[in-house]
Structures are given as structure tokens and as C-alpha cells.
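The values are calculated or read from the model by the stated rules, or taken from the named source; none is laboratory data. Please read all numbers here as calculations on a predicted model, not as lab measurements. FYI the Cβ positions are ideal-geometry reconstructions off the backbone, even for glycines, and counts take in every protein chain you see. Surface accessibility is based on the protein's heavy atoms, side chains included, excluding ligands, DNA and RNA. Shrake-Rupley method; radii C 1.70, N 1.55, O 1.52, S 1.80 Å.
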Amino acid sequence: MCTTPWLDRVSKESYNLPDEVYAHCKRLGMSIVTLTDHDSIDAAEKLRGHPDFFVSEEVTCQMPSGTEVHIGVYNIGERDHVEIQRRRKDFVSLLMYLWFASYVPAFETRNGQMCAEANRQAAALARKLGKIAIGGSDSHTMRGVGRTYTEVAQARSIAEFFAGLRAKRGRVRGADGTCAGLTADVYRIIQAVLQEKPATLALLPLAVLVPVFTAGHWMNEKWFCRKWATHFEDAHESPRMLWDMRPGAERI
């Protein structure tokens, strides 16, 4: 369900069907496909039988400060999902688990729902920290599915795709997000809510407020981006990351 207060009682975050998303991506020419639902692999499990599909999820995690972050975790199994969900409210515990699994090697530098400014700053931070750049649509409706993606030239299998990413041969492709696109997506979700739960028709007059809500959200995203961009620009040194430790450093 949607996590926005009040809406969490009536609306899902997305009404896309897994089979339709997969078929849409293939029609767009994508050779390898994944889905990243919030804290769930139910939809991804339905597509596991396809040889060109791998299971992933978007993990909602709480930092020690109380800040909520979303972490994309790719190419996992059911056992990984269970362990990740068990640890996701303890950031340090989750990080230690993912440390052994993937060393957090990549940053998402183009998100199809985020403004161009935020994506540029994410790309700059990835370059500064020497991280692999990846892209994804983050689409909650069919409009943006497969329109922002990660490309590894000549990768013919999932294994070759990830090998290419690790070798930094990946390229981020596709569109940035726009406020107008976000607003249109919210209206599409409202339409799906009304079809699923006709009783919510009484709330339809509130739909006129959607552009105000999305504009406020868009401005907040820009403010957040500029705040943290300034923080990293002012830093004299790159922060020391756990995955940058030398072997045996934990004994020093």
C-alpha cells in the first residue's frame, strides 16, 4: 500500500501487473529485466521463470538518525529477501549483511522519477566516490516503465550484464523525471484506485489538489538535493567508506 498518510488506507503505490511490465520492457527492446518493489519480491517471483529476468527489491531502511532511505538490492534470492527484511530497521545490521553480499558498489545516478538536477548531483557523487553508475525508471505506472535504464553493450546474459557493470562498462540511458510526468502518474493511480474501490469516488474532488501536492514534493526534492550537494562540495576529502577498507583494516 501507499505509505503517504491517509492514502495508505485506500491506495496502492502501483497497479502495474508483473506480466504486463515484463512484456512492455521486452517490446521496448530491453534484453534483461528486473523489478524493484518496495520491500517485496512477490511480483518479481512471478517472473523468475524467464531466463532474462532477475529478482530485486527496493528496501526501505531507517538510518540511526531516523532518516528513511531506499536501497536498491539486485539479483537476490528468497533467502536474501527474508534476511534483508529482518534487518531493514537496523541500518548497521543491514549494511553488514549487504557488505558481504555486494560491497554496495553502485549508486543510482539517473532515476526516471527524479529531477535532472538531482540525477546530475548523484552522478557527480558517484564519480567522486568511484562508484558504478546505474539507472532505473522507478515508474509506478506503465508510462515510464523501461524508459530509464542501465545498458551494458554486448551483454548476452544476466551474468555478463553484472560482469560488465563491475568492469564499469555500463552506461545509464533514458529520461530524467519531470513534475508534469509525476502529476500525470498520480492521476493514473487515482484512476486505478477508483476502478478497484468505487466507494472512493466520494474523494474525487480532492484530486484537484494533486498538482499542488506534486509541485510541493518537487520543490522539496530540489531543496534536499542542493543541501546535500553543498555538503559534499564543501568536504575537503572524500568520506572513508566501509567498502574502501584495506584487507585486514578491521584489525588496526
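At a glance:
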{"read-out": "Flag if Asp138 is modelled with pLDDT of 95 or more and among the acidic types (Asp, Glu)", "value": "no"}
{"read-out": "Tally, over segment 39-66, of residues that are open to solvent by less than 60 Å² (accessible area, probe 1.4 Å), in a strand (DSSP E or B) and of a type outside the set (Gly, Ala, Ser)", "value": "8"}
{"read-out": "The lone exception for Asp8 - which of (1) farther than 28 Å from Met96 by Cα; (2) open to solvent by less than 60 Å² (accessible area, probe 1.4 Å) it fails", "value": "(2)"}
{"read-out": "Members of segment 144-168 found to be closer than 15 Å to Thr109 by Cα and either part of a loop (DSSP other than H, G, I, E, B) or of a type in the set (Phe, Trp, Tyr) (or both), listed by number", "value": "Arg147, Tyr149, Lys168"}
{"read-out": "Per-region count, segment 23-32, residues in contact with a helix residue (DSSP H, G or I) (Cβ under 8 Å, 6 or more places away or on another chain) and either part of a helix (DSSP H, G or I) or free of Cβ contacts under 8 Å to residues at least 24 places away in the same chain (or both)", "value": "0"}
{"read-out": "Flag if Ala215 is over 25 Å from Arg27 (Cα atoms), in contact with a strand residue (DSSP E or B) (Cβ under 8 Å, 6 or more places away or on another chain) and without any contact (Cβ under 8 Å) to a residue 60 or more places away in the chain", "value": "no"}
{"read-out": "Subset of segment 122-143 [assigned to a helix (DSSP H, G or I) and either surrounded by 19 or more Cβ atoms within 10 Å (Cβ to Cβ) or on the phi > 0 side of the Ramachandran plot (or both)]", "value": "Ala122"}
{"read-out": "Pairs, first loosely packed, with under 14 Cβ neighbours inside 10 Å in segment 87-99, second of a type in the set (A, V, I, L, M), C-beta under 7 Å, six or more apart", "value": "Trp99/Leu242"}
{"read-out": "Sole exception among (1) at pLDDT below 95; (2) in contact with a helix residue (DSSP H, G or I) (Cβ under 8 Å, 6 or more places away or on another chain) for Thr109, by number", "value": "(1)"}
{"read-out": "Among the residues listed as Glu13, Glu20, the single one being acidic (Asp, Glu), open to solvent by 60 Å² or more (accessible area, probe 1.4 Å) and either at pLDDT 90 or above or assigned to a loop (DSSP other than H, G, I, E, B) (or both)", "value": "Glu20"}
{"read-out": "Test set (1) open to solvent by less than 20 Å² (accessible area, probe 1.4 Å); (2) free of Cβ contacts under 8 Å to residues at least 60 places away in the same chain - Ala118 fails condition number", "value": "(2)"}
{"read-out": "Hits in segment 67-80 - residues which are within 16 Å of the chain's Cα centre (by Cα) and open to solvent by less than 50 Å² (accessible area, probe 1.4 Å)", "value": "Val69, Ile71, Gly72, Val73, Ile76"}
{"read-out": "Test for Phe91: is it farther than 17 Å from Thr34 by Cα, among the aromatic types (Phe, Trp, Tyr) and modelled with pLDDT under 95", "value": "yes"}
{"read-out": "Residue, modelled with the highest pLDDT, within segment 1-10, restricted to residues that are farther than 18 Å from His217 by Cβ and assigned to a loop (DSSP other than H, G, I, E, B)", "value": "Val10"}
{"read-out": "Options Gln154, Gln195: the member that is more than 20 Å from the chain's Cα centre (by Cα), open to solvent by 20 Å² or more (accessible area, probe 1.4 Å) and under 25 Å from Leu28 (Cα atoms)", "value": "Gln154"}
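Conditions tested, residue by residue: (1) among the small types (Gly, Ala, Ser); (2) at pLDDT below 95; (3) touching a helix residue (DSSP H, G or I) at 6+ places or on another chain (Cβ under 8 Å); (4) in a helix (DSSP H, G or I).
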{"residue": "Ala199", "(1), (2), (3), (4)": "yes, yes, no, yes"}
{"residue": "Leu204", "(1), (2), (3), (4)": "no, yes, yes, yes"}
{"residue": "Pro211", "(1), (2), (3), (4)": "no, no, yes, yes"}
{"residue": "Ala215", "(1), (2), (3), (4)": "yes, no, yes, yes"}
{"residue": "Glu221", "(1), (2), (3), (4)": "no, yes, yes, yes"}
{"residue": "Trp228", "(1), (2), (3), (4)": "no, yes, yes, yes"}
{"residue": "Glu250", "(1), (2), (3), (4)": "no, yes, no, yes"}
